[in-house]
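Shown next, in structure tokens, is the structure this report addresses.
Just so it is clear, none of the values below were taken in a lab; they were calculated from the coordinates. Bear in mind the structure is a predicted one, so any value in this text is a computation, not a measurement. Using ideal geometry, Cβ is built from the backbone for each residue, glycine included, and neighbour counts are taken over all protein chains shown.
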Amino acid sequence: MHIAFLTPEYPHLKIKHAGGLGTSIKNLVVALVAKGVKVTVFIYGQPKSEVFEENGIVFHLISDKKYQLGKWFFYRKYLQNYINSVVKKEKIEVIEAPDWTGVTAFMNFTVPLVIRFHGSDTYFCHIENRKQKFKNRLFETLAIRKAKGFIAPTKYAGEVSAELFGLHKEQVKTIHYGLDLTQFDNEHPERFEKGLILYIGTIIRKKGVFELPDIFHKVRNQFPEAKLVLIGGDSGDVTTGSKSTWELVKQQFPEQDLEQVSYLGKIPYSEVQEYIKKANVCVFPTYAETLGMVTIESMAMKKVVVNSNIGWAKELMEEGKSGFLVHPANHEEFAQKISTILSDTDCNTKMGNEARLYVEAHFDITKKVVENINYYQHLIK
């Protein structure tokens, strides 16, 4: 079997962008190659074009193009023609693309197209109750109509996306993202920094970062020594137009609390893992996700997580056993769950072990890759 992926990002030094979308694709691609599947990755919007092979994966970096008018159409047709020529030459059997911005709108491929619902603009605007640009909705809808198969990382994300795009929910296959669990070892989970609360993710309104100042204040009423560390890139704020969401969030912390807060920005992932190991508890009060990779990564490293309880999150853990699920707006309960973890070392150890077991059962890439291969084979027949 030969599978191709079309993506705007991928974690590699030669590639311009890398985020959660690219990481989830890389996890799957590496596992597919390990199973003997041929894989080609097309990364569009790059500074220059280049083709290279690495670890059994063929990469096609496709340069961005300038057009006087109609780039939204002509660049897509350029990508279509380039990809179809490689498909024919290399005998690619299936192409997978993300739903975001409807990149495959106006494209016609010579093999089946799978759309994976990583999180479209349509989905996030619906979840956040935001007005969506007409062209984004149009492009994403056209892209969906071109696809033969659909995969979602959670049942919730699949059902919501199906409703928004006029699909039957049975058309969407739920396959959770997977982790290479050998990359998430924590040999000494009993060693951590008492009172360290860790947030990982973009500093953006939809991730619930504006809830953190009050939650942290309530925690410090019980644990004055508690510290909050935030890791992730800053972003603009859609509500206020501010260029820095962090500057807005920072203003919400009382002065004494702010002395116990550290914002590290973006740091190498090896350092992120060290902070996960050091954390007493990881917190993700997000309002909008399709799954939430950092949640399961933290759980894989035997950390107790206090997570949003909205939709998709209920598929990530067993409430009260392998983690805690709380609505982000419920500051009192969110803070109380954090305080429970900070005060109870036995609870911390037991739930951390249960978190790892849950991830092994539901998000092990060696199991998820088989589900993906079976689905691709189903489309080829």
- Normalised by the residues of the chain, what does the relative contact order come to in percent, with Cα pairs under 8 Å and at least six apart? 14 percent
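With runs of 4+ DSSP H residues as the only contributors, calculate the mean residue ellipticity of the chain at 222 nm using -39,500 (n - 2.57) per run, divided by the residue total and rounded to the nearest 500.
Numbers: 13 runs with 153 residues, N = 381.
Calculated mean residue ellipticity at 222 nm is -12500 deg cm²/dmol.
Based on the alpha-carbon gyration tensor of segment 1-103, what equivalent-ellipsoid semi-axes (square roots of 5 times the eigenvalues) come out, in whole Å, largest first? It would help to have the intermediate numbers written out before the result.
On the way: eigenvalues 98, 48, 31 Å².
For segment 1-103, the ellipsoid semi-axes come out as 22, 16, 12 Å.
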- Message: With equal scatterers on the alpha carbons only and no solvent term, can you work out the Debye log10 of I(q)/I(0) for segment 182-362 at 0.12, 0.14 1/Å?
- Response: -0.50, -0.69
- Separation of the Glu371 and Val86 label points, Cα + 7 Å toward Cβ, nm: 2.7 nm
- Quarter of the surface of the C-alpha convex hull for the chain, i.e. direction-averaged projected area in nm², equals 18.5 nm²
- Item | Listed peptides 61-74, 189-202, 95-108 by packing density, highest first (mean Cβ within 10 Å) | 95-108, 189-202, 61-74
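Between Lys35 and Glu259, take the C-beta separation as r, use R0 = 41 Å, and let me know the FRET efficiency to the nearest 0.05. Can you show the working numbers first?
Values: r = 51 Å, r/R0 = 1.24.
The calculated FRET efficiency here is 0.20.
Ranking request for peptides 28-35, 374-381: highest mean number of other beta-carbon atoms within 10 Å first, then the rest in descending order.
Working: 28-35: 18.5, 374-381: 13.0.
In descending order of packing, they fall as 28-35, 374-381.
How do the peptides 278-285, 319-326 rank, highest first, by the average count of neighbouring beta carbon atoms within 10 Å per residue? Walk me through the intermediate numbers first.
Working: 278-285: 24.2, 319-326: 19.0.
Highest mean packing first, the order is 278-285, 319-326.
What number does segment 239-297 give for Rg over Rh if you use C-alpha atoms and the Kirkwood radius?
Working: Rg = 13.9 Å, Rh = 14.1 Å.
Checking Rg against Rh, the ratio lands at 0.99.
In the structure displayed, which of Lys71/Lys169; Lys135/Lys169; Lys243/Lys266 lie more than 28 Å apart, Cα to Cα? Kindly include the intermediate steps, with their values, before the conclusion.
Values: Lys71/Lys169 33 Å; Lys135/Lys169 24 Å; Lys243/Lys266 17 Å.
Among Lys71/Lys169; Lys135/Lys169; Lys243/Lys266, the Cα-Cα distance tops 28 Å for Lys71/Lys169.
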